[in-house]
Structures are given as C-alpha cells and as structure tokens.
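Sharing a structure here in structure tokens format.
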Amino acid sequence: MEKTCRIIVVSDNHGAASPIEDLKHLYPDADYFLHLGDSELTASELQGYICVRGNNDWDSGFPNCRTVSACGHKI
C-alpha cells in the first residue's frame, strides 16, 4: 500500500509567525511545508518551509519561483 503524502501549503500570513509555527506542531508527520509568499518573515523564521517570494516579502533571498519534486509529483 502506498504511503499518503501530506503537503501543507500556506501563504499571506503577513508577519504573523505563530500560525506558521502552529502548523508544524499540528502536522508533525507532514512531508512538506510550502509557503507561497507574502509571509513578511525572514528565512530563519520560516525554517522547515520551502518558500517563494511574494510581492510583500522583505527577504530578497526567497526565489520568485521554484519547482519542488514531492512524492513523485512536480509542484
């Protein structure tokens, strides 16, 4: 039997760090955490998330786009 792949996807938390951390605790068995931009947080505050940059992100280290291979699929 194939294992279910759990991917948590979020965006637009606009500086609210606690919901981002809460998700890691609510879904400890998730395979991937993706943030689609407008976090307004630093990369260190989004540790454990695969991130891209939104139009309101201050951390210029986030790429504008990226492709992730997750559980046999490209996202």
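The values are calculated or read from the model by the stated rules, or taken from the named source; none is laboratory data. Just so it is clear, the structure is predicted and the values come from calculations on it, not from any experiment. A quick note on method: Cβ atoms are made from the backbone with ideal geometry, for glycine too, and the neighbour counts reach across all protein chains shown. The protein model used for the area step is the full one, side chains on, heavy atoms only, and it has no ligands, DNA or RNA in it. Shrake-Rupley method; radii C 1.70, N 1.55, O 1.52, S 1.80 Å.
Compute the length gained on full extension between N56 and E21: take 0.36 nm times their separation in residues and subtract their Cα-Cα distance, giving the result in nm to one decimal.
10.6 nm
Could I ask something else about it? In Å², and per residue, what accessible area does region 1-72 have when probed at 1.4 Å with the other protein chains present?
Computed with neighbouring chains in place, this is 65 Å² per residue.
Which cross-chain or sequence-distant (5 or more) residues have an amide H under 5 Å from the amide H of I50, H modelled 1.01 Å from N in plane?
So I50 has HN proximity to F33, L34, H35.
Probe radius 1.4 Å, ligands and nucleic acids ignored: give me the carbon and sulfur share of the accessible area of the chain as a rounded percent.
Whole-percent figure for carbon plus sulfur exposure: 51.
May I ask for the angle, rounded to the nearest 10°, between helix 17-26 and the longest principal axis of the chain, with both axes built from Cα atoms and the value confined to 0 to 90°?
Approximately 10 degrees, to the nearest 10.
Would you indicate which of (1) 37, 24, 23; (2) 31, 25, 15; (3) 43, 25, 17 is the value of Cα extents along the principal axes in Å derived from the coordinates of this structure?
Of the labelled values, this structure produces (3).
Next up: Would you mind getting me the FRET efficiency between T4 and T42? Use the beta-carbon distance for r and R0 = 30 Å, nearest 0.05.
Result of the calculation: an efficiency of 0.40.
Less than 11 Å Cβ to Cβ from R6, Lys/Arg counted +1 and Asp/Glu -1: what total charge do the surrounding residues give?
-1
All other residues with a Cβ under 12 Å from the Cβ of W58 taken together, and with Lys, Arg as +1 and Asp, Glu as -1, what is their net charge?
-4
Sticking with this structure for a sec: Name the GluC sites (Glu not before Pro) in the chain that are in a loop by DSSP and that have at most 15 other C-beta atoms within 10 Å, would you?
Here the GluC sites (Glu not before Pro) that fit, given the DSSP loop and packing criteria, are E2.
With a cut-off of at most 11 other beta carbons within 10 Å, and DSSP calling the residue loop, which trypsin sites (Lys or Arg not before Pro) in region 1-50 qualify? Please list them.
For trypsin sites (Lys or Arg not before Pro) across region 1-50 that sit outside H, G, I, E and B with at most 11 neighbouring Cβ atoms in 10 Å, the list reads K3.
Nearest 5 percent is fine: what portion of the DSSP beta bridges confined to the chain is antiparallel?
Beta bridges within the chain, antiparallel portion: roughly 25 percent.
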